[in-house]
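The values are calculated or read from the model by the stated rules, or taken from the named source; none is laboratory data. Every value quoted in this text rests on a predicted model; they were computed, and no experiment measured them. Don't worry about glycine lacking a Cβ; one is built from the backbone with ideal geometry, like all the others, and counts go over all protein chains shown.
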Amino acid sequence: MSYLIGYAPDRGGADALAVGRMMAVAGDVPVTICVVTPETWGYPSPAAVDAEYKQFLDQYAQKALARARAFMGNAVKADYIAVVAESASKGLSRVANEMNAYLTIVGSARDGKKMRAGLGSTASGVLAGTKCPTMMAPLGYASNAPRRLERVTCAFSDDRQGEATLAVAIDLAREHKVPLRLVTFVVRDNQMYPSNVGYDVENLVANTWRKQAVEAQKAALRALPKGIDATCGIGDGPDWKRAIESIGWQWGDVLVAGAHHEQGITAFLFGSTFTRLLRYASVPIVAVD
């Protein structure tokens with residue numbers, strides 16, 4: 001198991017380093033920190049502008065890597081590399097695939113909401129271009145990041161995507177020797193005007209769904225490998241924000257969730273549960289393809 005951290009010397013890059021340091025301190029996992037610089041044109045210019053630009057990019061990469069080393073400190077053993085690519089997502093995807101990284105860690109979009117993991121172009125491109133999960137650091141996470149990972153929370157569902165998500169959560173909990181928590185969200189949307197069946201029937205459906213979720217969680221717990229310290233819970237509320245808040249969060253939590261996407265012509269279409277977790281969860285999120 002190894003982790004790749006995509007770094008740029010900005011706020012999002014510091015957030016990615018903070019999450020990567022938290023993960024690395026909690027386990028003996030090899031870490032590679034990568035800076036991606038743009039490709040230069042492939043032919044010389046009369047004024048040697050191409051050579052000057054390449055020199056500038058090389059210096060930029062080395063300064064960025066020096067800042068990353070200073071941030072990570074001596075507590076984390078890491079490799080530091082710089083690569084050239086058409087875009088940050090393509091460069092990171094290539095490196096992740098070549099090194100067979102288990103996890104790629106990136107920062108959030110700069111225009112996102114503070115302490116929320118935003119799905120920017122780099123994160124979505126890496127998730128599309130690799131077979132490994134992509135971990136997104138909340139915006140501003142570096143300002144008060146926990147020193148080490150404390151728990152892995154899995155957004156659990158009893159389906160094929162849920163199996164893949166749970167497998168990643170188990171791997172992370174086992175590798176870092178932290179507890180695992182399975183959570184299923186039940187949102188009771190109190191509409192202003194009920195459907196023709198009325199609120200009683202809607203509540204019955206929600207309660208039945210909750211019961212089935214609990215039974216599926218207990219079955220999943222029984223099937224866990226030995227040595228995993230695991231619990232389960234239901235995030236229940238009248239809306240997604242309160243349902244997500246209701247389960248309680250530790251500062252050293254990470255959330256593993258299925259992206260539930262379909263590949264389109266130009267982008268990924270992410271499932272409604274995943275996008276709501278991005279909107280309201282204030283911990284690093286691991287997106288599982």
Fill in: Condition met for residue 249 (farther than 24 Å from residue 23 by Cβ and modelled with pLDDT of 80 or more)
no
Practice prompt. Starting from region 255-283, keep only residues that are more than 18 Å from residue 161 (Cα to Cα), then list their pairs with residues that are hydrophobic (A, V, I, L, M, F, W, C) and modelled with pLDDT under 90 whose Cβ atoms are within a distance under 6 Å, requiring at least 6 positions of separation or different chains.
Written response: 282/115
Practice prompt. For residues that are charged (D, E, K, R) and within 20 Å of residue 248 (Cα to Cα), scanning just region 154-193, find the one that is modelled with the highest pLDDT.
Written response: 181
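Condition check ((1) assigned by TED's automatic domain parsing to the domain that holds residue 251; (2) among the β-branched types (Val, Ile, Thr); (3) at pLDDT below 95) across all residues:
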| residue | (1), (2), (3) |
| --- | --- |
| 95 | no, yes, no |
| 103 | no, no, no |
| 110 | no, no, yes |
| 115 | no, no, yes |
| 118 | no, no, yes |
| 127 | no, no, yes |
Worksheet, complete the sentence: Within region 215-235, residues being in a loop (DSSP other than H, G, I, E, B) and touching a residue at least 24 places away in the same chain (Cβ under 8 Å) number 5
